[in-house]
Amino acid sequence: MNLNVLVLPGDGIGNEVTREAVRVLRHVAAKWNHQLKLTEGLLGGVAIHKTGTPLPPETERLAGDADATLMGAVGLPEFDDAPPEKRPEKGLLGIRKALGVYANLRPVKAHASLLDSSPLKNHLVEGADMIIVRELTGGIYYGTPRGISGEGAQERAVNTMTYTRPEIERVTRMAFNLARARRKKVTSVDKSNVLENSQLWRKVVIEVAREFPDVELDHLLVDNCAMQLILNPRRFDVVLTENMFGDILSDEGAVLAGSIGMLPSASIGARKPSGAWVGLFEPVHGSAPDIAGQNKANPLGAIGSVEAMLAYSFGLQEEASAVDAAIEVVMRSGRVTADLRPPGTPATTEEVGEAVCAAIG
Ligand code: NAD
């Protein structure tokens, strides 16, 4: 298969973890005989330094041409007081929008060897393995009217939660297709006891579900879901929800995984003529200026993002499973970075990347 991938390392540890993610991607491509075409582009603080803008037009063009984009992280302390247009994070929002990635997928897995890193009791977390599908380009974060008006006692603020039927349909189909490749269960999360917006959400989800008779569907109100994620995380396979609920629930889900350095994410858009799904893959963490340049950042979130790319953009399940299994082997070996508090001397970023490749074989 042709794997046409744009790499945007970004700033800080983005460079270090992306290097290891690319190492794993090259290894997989060589082992399974895929034609890997890698292009590198500028995003974030490094792009501001070199071009004056966090998302240069050239990067947008390269992302449009690629089947999938692998990102590191953006952000440099020197831009903390810069105006919004000159901040590295502006590039991140810009590229998500430019690619039209409407579904954010966040796999949350309680790795056996990390159970002690979770603040939750082992018996609750053990075996948890879910994916949260968050609608990413609609809902209250984008709805109009919005704004603050009036003064004094008349001052008021308004935001609008709005969804159209097609917006709900496409993300629902994405969730059900994902469930088909997993344990075939979708939990749709809404607030339909209070919000009309959620009533439409639930109605459309039920209608789309009829196209997937082999997948089980249930519904949870968002307040109950927040509780069940902690009380009974194993009950979830695919969690489907709108933008703001997903924003909140996916951070809660992150607690199950142990360390922020472990967490991958995938944002998916339309299908390309090549058959690949447009995708933006990045670890959840930021550029971590406190440890940048020290070869001690955990690259497993970035490597997990490669796994997500193989599965979701390219449909390469066998290769994705091999990366997943290799990550598990490396974690069990204890040769992991300092954030996972290994018993002996922590491994370097590079050593973890090499170990994952060795475990893939
Ligand atoms: P951060 O995720 O960069 O770091 C938070 C803490 O977690 C730090 O102590 C860091 O050392 C640690 N950490 C993060 N990733 C790690 C890894 N892979 N291995 C080991 N430890 C890791 O968040 P922050 O400090 O709030 O933000 C730093 C910069 O990153 C800011 O400029 C922020 O805007 C940016 N940021 C970018 C993204 C992104 O690009 N998607 C996401 C979050 C923050």
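The values are calculated or read from the model by the stated rules, or taken from the named source; none is laboratory data. Nothing here was measured: the structure is a model prediction, and the numbers come from that model. Virtual Cβ from ideal backbone geometry, glycine too; neighbours counted across all protein chains shown.
Values as computed for the structure displayed
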| quantity | calculated |
| --- | --- |
| Identity of the residue in the range 8-26, in a helix (DSSP H, G or I) and small (Gly, Ala, Ser), that ends up nearest to the ligand (Cβ to nearest atom) | Gly14 |
| Subset tally (residues that are under 19 Å from Val323 (Cβ atoms) and surrounded by fewer than 14 Cβ atoms within 10 Å (Cβ to Cβ)) for the range 33-52 | 2 |
| Helices (runs of 4 or more DSSP H) fully within the range 238-352 counting 2 or more residues that are at pLDDT 95 or above and surrounded by fewer than 23 Cβ atoms within 10 Å (Cβ to Cβ) | 317-333 |
| Subset tally (residues that are charged (D, E, K, R) and farther than 19 Å from Tyr312 by Cβ) for the range 235-286 | 5 |
| Residue list for the range 169-192, restricted to those being of a type in the set (D, E, K, R), in a helix (DSSP H, G or I) and over 19 Å from Gly138 (Cα atoms) | Arg180 |
| Residue in the range 102-120 that is touching a residue at least 60 places away in the same chain (Cβ under 8 Å) and farther than 30 Å from Gly258 by Cβ present | no |
| One residue from Leu55, Leu92 being buried (at least 20 other Cβ atoms within 10 Å of the Cβ) and away from the ligand (no atom under 11 Å from the Cβ) | Leu55 |
| Test: residue in the range 267-274 that is farther than 21 Å from Val171 by Cα and of a type in the set (A, V, I, L, M, F, W, C) | no |
| Residue check for Thr144: in a loop (DSSP other than H, G, I, E, B), without any contact (Cβ under 8 Å) to a residue 40 or more places away in the chain and either surrounded by 15 or more Cβ atoms within 10 Å (Cβ to Cβ) or touching a helix residue (DSSP H, G or I) at 6+ places or on another chain (Cβ under 9 Å) (or both) | no |
| Residues satisfying the stated conditions in the range 193-232, i.e. in a helix (DSSP H, G or I), surrounded by 14 or more Cβ atoms within 10 Å (Cβ to Cβ) and of a type in the set (Val, Ile, Thr) | Val204, Val205, Val208, Val222, Ile230 |
| Selected residue [in contact with a Phe, Trp or Tyr (Cβ under 9 Å, 6 or more places away or on another chain) and not aliphatic (A, V, I, L, M)] from Gly269, Gly301 | Gly269 |
| The listed residue being closer than 22 Å to Ala311 by Cα, more than 15 Å from the chain's Cα centre (by Cα) and either among the small types (Gly, Ala, Ser) or within 16 Å of the ligand (Cβ to nearest atom) (or both), out of Ala226, Ala276 | Ala276 |
